[in-house]
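One structure below.
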Amino acid sequence: MPVLEIIGWVGSAVVVWSMMQQRILRLRVINLVGCLIQVVYNGVLEVWPVVALNVVLAGVQIFNLYRLLRTRHSPAEYGVLRVDPAGEYLHHLLALHRADIQRFTPSYREASPQQEAYLIVRGEETVGYVLLHDAGDGVAQVDLDYVIEKYRNFTPGEFVFHSSDVLREAGYRKVVTAPRMRKPYYAKIGFTQAGDRYELALTS
């Protein structure tokens, strides 16, 4: 098989693979790579309509990537809503994501009235949620910090811990995670590791 034909097949396979991705950032990056390969392949063959199509698609992906990365830390893009931990909508989300929650936070069991629950929303879409409880002395302990797979390349939990001020307004001065919580992104949003936990001082 000629090298050029292999390149064409690889480009097609990359585009198909991109459409199988659940994480929005990964989807757009892989699709962009596939489009660029198709531009090269069809450009060599001088199939200009297909070249033009893939140039436009690549431009769309670049624009969307720019918008996603530019707004990933924007409080104007994400909001935090405090909800009843016994509410039906939260329980629907917990049931919907139960298997995934057990994979990332196996110690978590269920919501309780003693907890506080915060939804992280982007427009009309719920992208994640945080459940915590008052551990005393101004400390909030995170029991569950979950993000849907589509937004897992981002750090939407930061809007609960930083941008929204909801925890400071509730009187907390520090946030700590549960022991052995499997969340490597905490260090990226200002938490420091303390033994088998991460902690964050809430500054005014």
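The values are calculated or read from the model by the stated rules, or taken from the named source; none is laboratory data. The shown structure was predicted, so the numbers you read here are calculated from the model rather than taken from an experiment. We place every Cβ from the backbone using ideal geometry, glycine too, and count neighbours over all the protein chains shown. Ligands, DNA and RNA are stripped out before the accessible areas are found, and what is left, the full protein with its side chains, is counted by its heavy atoms. Shrake-Rupley method; radii C 1.70, N 1.55, O 1.52, S 1.80 Å.
Scanning the stretch 130-159 for residues that are farther than 20 Å from H97 by Cα and either at pLDDT below 90 or out of contact with any strand residue (DSSP E or B) (no Cβ under 7 Å at 6 or more places or on another chain) (or both) yields G136, D137, E158, F159. Of the residues making up the stretch 1-53, just one is of a type in the set (D, E, K, R), exposed (fewer than 14 other Cβ atoms within 10 Å of the Cβ) and assigned to a loop (DSSP other than H, G, I, E, B), namely E46.
Note on the stretch 171-188: among residues that are open to solvent by 50 Å² or more (accessible area, probe 1.4 Å) and out of contact with any helix residue (DSSP H, G or I) (no Cβ under 8 Å at 6 or more places or on another chain), the one that is modelled with the lowest pLDDT is P184. Looking across the stretch 88-114, the residues that are open to solvent by less than 20 Å² (accessible area, probe 1.4 Å) and either in contact with a helix residue (DSSP H, G or I) (Cβ under 7 Å, 6 or more places away or on another chain) or not hydroxyl-bearing (S, T, Y) (or both) come down to L90, L93, L94, I101, Y108, A111. I want to confirm something. Restricting to the stretch 54-80 and keeping residues that are open to solvent by 70 Å² or more (accessible area, probe 1.4 Å) and touching a residue at least 60 places away in the same chain (Cβ under 8 Å), which single residue is farthest from K188 (Cα to Cα)? Within the stretch 54-80, the match that is farthest from K188 (Cα to Cα) is P75.
For the stretch 74-107, a tally of residues being among the polar types (S, T, N, Q) and outside any loop (DSSP other than H, G, I, E, B) returns 1.
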